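Just passing along the structure, written as structure tokens.
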Amino acid sequence: ESVSQIATFGTMAARAVLRDVGRVLDLGYNFCDQLAKLIPVQPGRNVTLAEARKLEPLLAERERNEDEVRELLELGDKLEGLVRNVGMHAGGVLIAPGQLTDHCPLYAAEGTQHVISQLDKDDVEAIGLVKFDFLGLTTLTVLDWAERSVRAMGLRDFSLARLPLDDAPTYELLSAGNTTAVFQLESRGMRDLIRRARPDRFEDVIALVALYRPGPMDLIPDFIARKHGEQRVDYLDPRLRPILGPTYGIMVYQEQVMQIAQVIGGYTLGGADLLRRAMGKKKPEEMAQQRDIFIAGAEKNGLSRAKATQLFDLMEKFAGYGFNKSHAAAYALLAYQTGYMKAHHRSAFLAANLSAVMDDTDKVRQFYDDALANGLTLLPPDINASVYRFVPVDAERIRYGLGAVRGTGAAAIEAIVQARASAPFADLFEFCRRVDKRMLNRRVVESLVRAGAFDSIDGERARLLASVGRALEAAEQAERAASQSSLFAEAEVPRGGPHAYVEAEPWDLQRRLLEEKSALGFSISGHLFSIYERELAGFARTALAKLAPGERVWMAGVVTQARVQMTRRGRMMVVTLDDATAQVEMTVFSELFDRARDRIKEDALLVVAGKVQRDEFSGGLRVSADEILDLETLRARFAARLRIAMNGQADARRLQQVLAPYRASGEPACQVVVAYRNASAACEVALGESWRVRPDSQLLAELGAWLAPENVQLIYGALSG
């Protein structure tokens, strides 16, 4: 009766108002979505419709030329900023001295008995109610899961509460910057800082957490230099040594300011807290009053007026952005505990992190790559071995969680785990027959097939996927037959018996990896770039892992991400390329963007010429592209010869039939070279100019299907430009 959560009021921002108004006007979803996506996104602020017209010329142009767009924007201008809905603050809780209804109006969402205040966080504070912010952290859940896993794996007495705070391997891991999944220390900037600081005690971790914020960041170089003995630590008064010693003479925490006020200025605890608040608010009249009180107290305690003035100036400067040490220590403890778990119990810790982000495939990919980088093996999803979450099998292996397969869900996975408790599944048809049909639909089974979860009992994914409908139908018919004892039950089972699979063309590697990606968000049984690696072996490019700042180079990779950004020079695209050795961000500016935008698609291979530069913001590398080719363009421009090996399959007539439709003269045609080898001799025969061919994908596919892909090779000539 005296405690409730706090309301929030959601307003109609530019994108939301276009979608809402468009829905009311009965405009198509895609039409409204395209317009909404033209509203630029700027971190930290909402772009209004008026601003969007200036920032995005295409929006202004469509408003001028299209009546529907003009009407939509006109209505949107009137509604933009209005309150759209009432929500609940994620962590805000208020406490009243008596019944809430005596102090503020309450609100209950339709269909619920749970009441919240009708006042938002600012109004609640203004009427004098006590407001708390309760912070819920996924990290606490991750640590709990990891702790349970470690106990289940044999260390029954393991407890996070009893971890030593001086563990050398933990500080080595932190100092190496191996901090993916380590609380508060994951960002690029923090990794760089922790590598330079090389913390070797818990007090250092607390200080780094407190310093890595706007304002105190300026003190980081001094902190690191003093920690490593490269800069002398001086104290205005010897009494400051026990207060500032842990942070090498630098004021980092609010508590330090308060202690100095007590020890040097003679303040009481309450008076020191008032001083801290005054410094934070920076009110001139209050500060002048506190300065006089401090200097008088310091003089009384044996400090000269000049030094007291100097010390107060320092305190005033640092208190403006001083951090609460107890808050920093709580965060630092979680950082240390996550670092300890990663250093000593990696499989349990990373399995817990993967389980916590199962709905976000980008984060699953990040943790998956980190697990591999830390020497762990991730076993693929398996209907006979996996459960809903990622589970550590032992210290080196993690079993993939079925809950991370798109389109499944906890209820379906629970039904699968219950059904297999009596015995493992033998095949697809038995699987569909034994699992509860109320929880299992076609989409779930198809996703599991695409993810490779059936590979342990049948590796023919194409055949399995084609047979899912038949298997589910057979399971339903068998269920009906069992319940009805029908005389015609036998006739209802599909011809060929219950295991009558639908035959299908086996998937090639590319199809297999793309289907896997559709189910998991990325491919775990191979890398998409490997499909092109053999062909590109003859092309003089630089591997992404070997890029260095400097000259213009050619490189190749598969597109993993692409996003459009607005700049003063127009639109540009930031593309992430991956060639299995590394990933690199590539910038494509407006003119090239307009020419190449149709080629830049997710999972597409791009061959790029560009200049490699150091990215000062991230500390990594960035490529500024000046030429972008797809595979067809690369072949047409640079392919010099098509080499065909015909060992034991020499058939001139068939070769002539295959090559004939692709004959061409001049550019972009390449010479055909036939290589032949038998037990006693080997030779290469170059066909005449009249048999030059276009290096077409279809031609390479036909030759590969006849002679095997490894016997068909494009040889590239010298690169130009």
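The values are calculated or read from the model by the stated rules, or taken from the named source; none is laboratory data. What you see is a predicted model; the values in this text were computed from it and never measured. All Cβ positions, even for glycine, are placed from backbone atoms using ideal geometry, and neighbour counts span all protein chains on display.
Would you check if there is a residue in region 678-689 being surrounded by fewer than 17 Cβ atoms within 10 Å (Cβ to Cβ) and part of a helix (DSSP H, G or I)?
Yes, region 678-689 contains a residue that is surrounded by fewer than 17 Cβ atoms within 10 Å (Cβ to Cβ) and part of a helix (DSSP H, G or I).
Can you name the residue in region 337-393 that is touching a Lys or Arg at 6+ places or on another chain (Cβ under 6 Å) and β-branched (Val, Ile, Thr) and, of all such residues, is surrounded by the most Cβ atoms within 10 Å (Cβ to Cβ)?
Checking each candidate, the answer is Val391.
Test Val69 against the stated conditions and say whether it is surrounded by 10 or more Cβ atoms within 10 Å (Cβ to Cβ), under 28 Å from Gly570 (Cβ atoms), of a type in the set (Val, Ile, Thr) and not assigned by TED's automatic domain parsing to the domain that holds Leu350.
The answer is yes for Val69.
Could you grab me the full set of residues in region 350-376 that are within 10 Å of Ala404 (Cβ to Cβ), modelled with pLDDT of 90 or more and in a helix (DSSP H, G or I)?
Once the filter is applied, which keeps residues that are within 10 Å of Ala404 (Cβ to Cβ), modelled with pLDDT of 90 or more and in a helix (DSSP H, G or I), region 350-376 yields Leu354, Ser355, Val364, Tyr368.
Further question: Please find, among Ile243, Ile206, Ile220, Ile250, the residue that is within 17 Å of Lys325 (Cα to Cα) and not in a helix (DSSP H, G or I).
Matching residue, one of Ile243, Ile206, Ile220, Ile250: Ile250.
Within region 229-245, count every residue that is under 19 Å from Asn301 (Cα atoms) and either modelled with pLDDT of 95 or more or of a type in the set (Asp, Glu) (or both).
Of the residues in region 229-245, 1 are under 19 Å from Asn301 (Cα atoms) and either modelled with pLDDT of 95 or more or of a type in the set (Asp, Glu) (or both).
Sticking with this one: Given region 98-203, what strands (runs of 3 or more DSSP E) lie entirely inside it while holding 2 or more residues that are aliphatic (A, V, I, L, M) and farther than 30 Å from Leu350 by Cβ?
106-108, 115-117
Could you run through region 1-30 and say how many residues are modelled with pLDDT under 85 and over 26 Å from Asp120 (Cα atoms)?
Qualifying residue count, region 1-30: 4.
To continue, here is another question. Go through region 21-52 and give me each residue that's surrounded by fewer than 17 Cβ atoms within 10 Å (Cβ to Cβ), over 26 Å from the mean Cα position of the chain (by Cα) and assigned to a helix (DSSP H, G or I).
Answer for region 21-52, where residues must be surrounded by fewer than 17 Cβ atoms within 10 Å (Cβ to Cβ), over 26 Å from the mean Cα position of the chain (by Cα) and assigned to a helix (DSSP H, G or I): Arg23, Val24, Tyr29, Asn30, Phe31, Ala50, Glu51.
Condition (residue is modelled with pLDDT under 95 and more than 28 Å from Phe390 (Cα to Cα)) applied to region 133-143: is it met by at least one residue?
Within region 133-143, one or more residues are modelled with pLDDT under 95 and more than 28 Å from Phe390 (Cα to Cα).
Which one of these does Cys432 not meet: (1) over 19 Å from Thr361 (Cα atoms); (2) surrounded by fewer than 20 Cβ atoms within 10 Å (Cβ to Cβ)?
Answer for Cys432: the failing condition is (2).
If Val93 passes every condition in (1) under 30 Å from Leu49 (Cα atoms); (2) assigned to a strand (DSSP E or B) but one, which one does it miss?
(1)
Residue check, Asp273 against (1) in contact with a helix residue (DSSP H, G or I) (Cβ under 9 Å, 6 or more places away or on another chain); (2) in a loop (DSSP other than H, G, I, E, B), all met but one. Which one?
The number of the failed condition is (2).
Still on this structure, I have one more. Name the residue, out of Ala636, Ala650, that is modelled with pLDDT under 90, surrounded by 14 or more Cβ atoms within 10 Å (Cβ to Cβ), closer than 25 Å to Leu699 by Cβ and out of contact with any Cys (no Cβ under 7 Å at 6 or more places or on another chain).
Ala636
Kindly provide the set of residues from region 575-591 that are assigned to a helix (DSSP H, G or I) and either within 25 Å of the chain's Cα centre (by Cα) or modelled with pLDDT of 90 or more (or both), ordered by number.
Across region 575-591, there are no qualifying residues.
If you don't mind, another one. Condition first: in a strand (DSSP E or B) and either more than 25 Å from Asp369 (Cα to Cα) or of a type outside the set (Phe, Trp, Tyr) (or both). Can you find one or more residues in region 531-551 that meet it?
no
Just to be sure I understand the filter: pairs with C-beta atoms under 8 Å, separated by 6 or more residues or on different chains, first member in region 600-615 and within 12 Å of Ala556 (Cβ to Cβ), second member part of a loop (DSSP other than H, G, I, E, B) and of a type in the set (Gly, Ala, Ser). Which pairs pass?
From residues that are within 12 Å of Ala556 (Cβ to Cβ), the pairs are Ala609/Gly721.
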